[in-house]
1. Which shape class, rounded, prolate or oblate, goes with region 1-92 when its Cα gyration tensor gives a ≥ b ≥ c as root eigenvalues, a/c under 1.5 marks rounded, and past that a/b bigger than b/c marks prolate?
2. If you take every residue apart from residue 3 with its C-beta less than 11 Å away from the C-beta of residue 3, what net charge results, scoring Lys and Arg +1 and Asp and Glu -1?
3. Can you show me the helix-derived [θ] at 222 nm for the chain, built from DSSP H runs with n ≥ 4 at -39,500 (n - 2.57) apiece and divided by the number of residues, rounded to the nearest 500.
4. For the chain, compute the number of Lys pairs whose alpha carbons are separated by less than 22 Å, excluding pairs fewer than 8 positions apart on the same chain.
5. Quick one: compute the contact order of region 115-188, relative version, from alpha carbon pairs under 8 angstrom and 6+ residues apart, as a percent.
6. Below 8 Å, C-alpha to C-alpha, sequence gap of six or more: please give me the relative contact order for the chain in percent.
7. Tell me the label only: which of [x] 17.3, 65; [y] 23.2, 77; [z] 19.7, 72 is Rg and Dmax of the Cα atoms in Å as calculated from this structure?
8. What's the center-to-center distance, using Cα atoms, between region 101-125 and region 131-184 in Å?
Amino acid sequence: MQRFYHHEVQQYEGLLQLLNGLFEKYNTRDPDVLPALQAWLDKAIATYRGMGKSGLENMALSWKADLVTALRNINPATLERVTQHRYQMQVAIAYRLLQAAGAQLQSDLQGCRQNLDAARSLAAQLVTAALQNGVVTDEQLEAAASQEALEELWKDMAADAGIALGQKRLLMQVSRYDVWILLEEILASIAEPA
């Protein structure tokens, strides 16, 4: 089954927004930063599990294990018990985890957005080719306001063999649902006055 990239972007952006709140807590020295980070890690683990991303789930579980170890007053890097400056060690571990989580989410978002940008470019080329070849008309593009109309437009475009091949290539890159969203964006940009 093809990945639904728009949904993944939404999931990652939700996690990133919550993570930004954690950075705010860290920056203001909020004493709630450690339990809030633990709650965020639980949400990240559940999100990755729900997305079927076992590698990312494992990484989040590893981050949580580091935090839990620090909360037990054991330095996760050395595995030695900390008897002095415990809170400072815990906050330092939290900072390291915040940095790692932020970098990972940015990387995940960038990958999804690159795939969507490539798919958007191909979809725009397909729409342009369909217009140039007379497969669809401007009126059909303007009338494609609902999902059913988009699906009908997609079928009409498939009448041209070259465009049908491009459609297959596009569906190999992204899910059908991504295609509908991309088509809607492309048609909206075409409809805007210059």
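1. The shape class here is oblate.
2. On the way: positive: 53; negative: 8, 178.
With Lys, Arg at +1 and Asp, Glu at -1, the net is -1.
3. Using -39500 (n - 2.57) per qualifying helix, the result is -27000 deg cm²/dmol.
4. 6
5. Numbers: 58 pairs, mean separation 34.3, N = 74.
Relative contact order comes out at 46 percent.
6. 25 percent
7. Calculated Rg and Dmax of the Cα atoms in Å: the matching label is [y].
8. Taking the Cα centre of each part, region 101-125 and region 131-184 sit 21 Å apart.
Values in this text are rule-based calculations from the coordinates and carry no lab data. The shown structure was predicted, so the numbers you read here are calculated from the model rather than taken from an experiment. No Cβ is skipped: glycine too gets one built from the backbone with ideal geometry, and neighbour counts run over all protein chains shown.
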